[in-house]
Every structure is written in structure tokens, then in C-alpha cells.
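Read through the structure below, which is laid out as C-alpha cells, and then see the notes.
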Amino acid sequence: MRNHIAVYPGSFDPITYGHLDIIQRGLGVFDRIIVAVARNSEKKSLFTTSERLEMIRQTVGDDPRIKVDTFDGLLVDYVLAQGARVILRGLRAVSDFEYEFQIAQMNHTVREEVETLFMMTSVPYGYLSSSIVKEVAHLNGPIDSFVPPPVKRALEEKLGKRR
Ligand code: ADP
């Protein structure tokens, strides 16, 4: 029997209900999902890599179908090293498309055996991003419907310290 594994890469700075929705729906299609936190992201992150990993682990629990990991270097090489062939990404607005299209084409050019598959966001999460959550949290707005409780606590702690 084939074991279909998808790697779901991202910054997850921090993980939101939008990401979790993609993970749960991804499990309806794949046997296993590897949530892979990018270490070498150019983006400046609010949380350290280990903080991001910890929040994901606290949130997804100990579901044996989900592995939480980090990677650096070329994503496609990480994917193949994990015995996977698929990169799973979420798509929200048209604004996501240009960037995702570019990366997916580049990844396919580098390793043509790796495919990128996209899952459309669910209706309630179409506007939800880690950046928006950080912005709202920074302004002391309510974030309960955007992130799970461990992430809410971490945001309050992190931003509280900075105020
Ligand atoms: P990156 O910096 O790689 O874009 P993110 O953590 O922002 O990392 O996003 C990881 C993936 O999750 C991306 O494919 C992104 O489009 C997707 N994603 C983020 N938020 C949502 C959401 N609300 N609904 C669906 N997909 C999402």
C-alpha cells in the first residue's frame, strides 16, 4: 500500500486556524502531513524557530499522522529526503497566486519529480494570515477566532514584553 506524504512548508509565525484547516483537510487526502517550518526564511519573524515549532506541536497534539519539523536549504531536497513527492500549499486571495506560481514553477524546474498542490482556503479563513493576527494582537484586538489558545498566550506574552 502506498503511503502518501505531503510536506506543508511555511513560516508559521505563528500558526493560525487557517494553517490548521489546511493540515486537517490535507489529512483527508494524504496519509501523513509533515509541517515544515522554514529556518532560513528571509522574512524577519516575531517568534524563534523553536517557539514556532512548540506552538505547532501544542496545537496539533500527538496525532501520529502529523510530523512537525524544520528545514533549511532547498525545500525540494528536504521533500525528497522525507520520502515525499508533494508540497502542499494553501491559497487565499489572488494576491497569493503570483508568488506561489513563481515558487512552484521554480521548485518543479529544480526537481521535476516534486509536485506542488494547492488547497483553497475555507471561507472563514480567506482573510486570515499570520501578519494580520500579529497586527491585531499588537493593537490589543481580540484574536480568539484566529489562533488556538497556546498561540494566543504566546502572542500576549511576546507582545506584552515588548510594550
Ligand atoms: P510562507 O512565508 O511560506 O508563505 P505562511 O506561514 O505565511 O508561510 O504560510 C504557509 C502556507 O499556508 C502558505 O501556503 C499559505 O498560503 C498558507 N496559508 C496561510 N494562511 C492561510 C489561510 N488562512 N488559509 C489557507 N492557507 C493559508
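The values are calculated or read from the model by the stated rules, or taken from the named source; none is laboratory data. What you see is a predicted model, and the numbers here were worked out from it, not measured in a lab. A quick note on method: Cβ atoms are made from the backbone with ideal geometry, for glycine too, and the neighbour counts reach across all protein chains shown. Side chains included, ligands, DNA and RNA excluded: accessible areas come from the protein's heavy atoms. Shrake-Rupley method; radii C 1.70, N 1.55, O 1.52, S 1.80 Å.
Annotations
- Per-residue ellipticity at 222 nm computed for the chain from its helices equals -13000 deg cm²/dmol, with DSSP H segments shorter than 4 residues left out and the rest contributing -39,500 (n - 2.57).
- Residue-wise HN-Hα coupling along region 103-114, computed from phi with Karplus coefficients 6.51, -1.76, 1.60 (Hz; x: Gly, Pro): 5, 4, 5, 5, 4, 6, 5, 6, 9, 6, 7, 9
- The overall shape of the chain, judged from the alpha-carbon gyration tensor, is prolate: a/c is not under 1.5, and a/b is greater than b/c.
- Candidates Leu74, Leu139, Leu128: whichever shows maximal mean-square fluctuation once the chain is modelled as a Gaussian network with Cα springs under 10 Å: Leu139
- The accessible-area ordering, largest first, of the residues Arg52, Arg153 stands as Arg153, Arg52, per a 1.4 angstrom probe.
- Taking amide H as placed 1.01 Å from N in the peptide plane, Arg85 has its amide H under 5 Å from the amide H of Ile5, each at least 5 places away in sequence or on another chain.
- Cα gyration tensor category, rounded, prolate or oblate, for region 25-94 with a/c compared to 1.5: rounded
- Under a 5 Å amide H cut-off, with hydrogens placed 1.01 Å from N, Ile34 pairs with Ala6, Val7, Tyr8, Lys67 among residues at least 5 apart or on other chains.
- Accessible area expressed per residue, the chain, with surrounding protein chains retained (probe 1.4 Å, Å²): 57 Å²
- Taking every protein chain into account, the 1.4 Å probe leaves Lys158 with about 50 Å² of accessible area, to the nearest ten.
- Rounded, prolate or oblate (a/c below 1.5 giving rounded, otherwise prolate when a/b exceeds b/c) for region 51-146 by Cα gyration tensor: oblate
- 0 to 90° range, to nearest 10: angle between helix 17-26 axis and the chain longest Cα axis: 30 degrees
- Exposure check, 1.4 Å probe, all protein chains in place: Met55 carries approximately 10 Å² of accessible surface.
- Rounded to the nearest 10 degrees, the inclination of helix 49-60 to the longest alpha-carbon principal axis of the chain is 90 degrees.
- Per-residue 3J(HN,Hα) values for region 69-76, derived from phi via the Karplus relation 6.51 cos²θ - 1.76 cosθ + 1.60 with θ = phi - 60°, read 8, 10, 9, 9, x, 6, 4, 4 Hz in sequence order (x marks Gly and Pro).
- Vicinal HN-Hα couplings computed from phi for region 149-158 (Karplus, 6.51 cos²θ - 1.76 cosθ + 1.60; Hz; Gly/Pro x): x, x, 6, 4, 4, 5, 5, 4, 5, 5
- Here is the list for region 1-83: GluC sites (Glu not before Pro) lying in DSSP coil, each with at most 11 other C-beta atoms within 10 angstrom of its C-beta, are Glu42.
- Shown is the FRET efficiency for Leu80 and Gln58, computed with R0 = 41 Å from the Cβ-Cβ distance and rounded to the nearest 0.05: 0.90.
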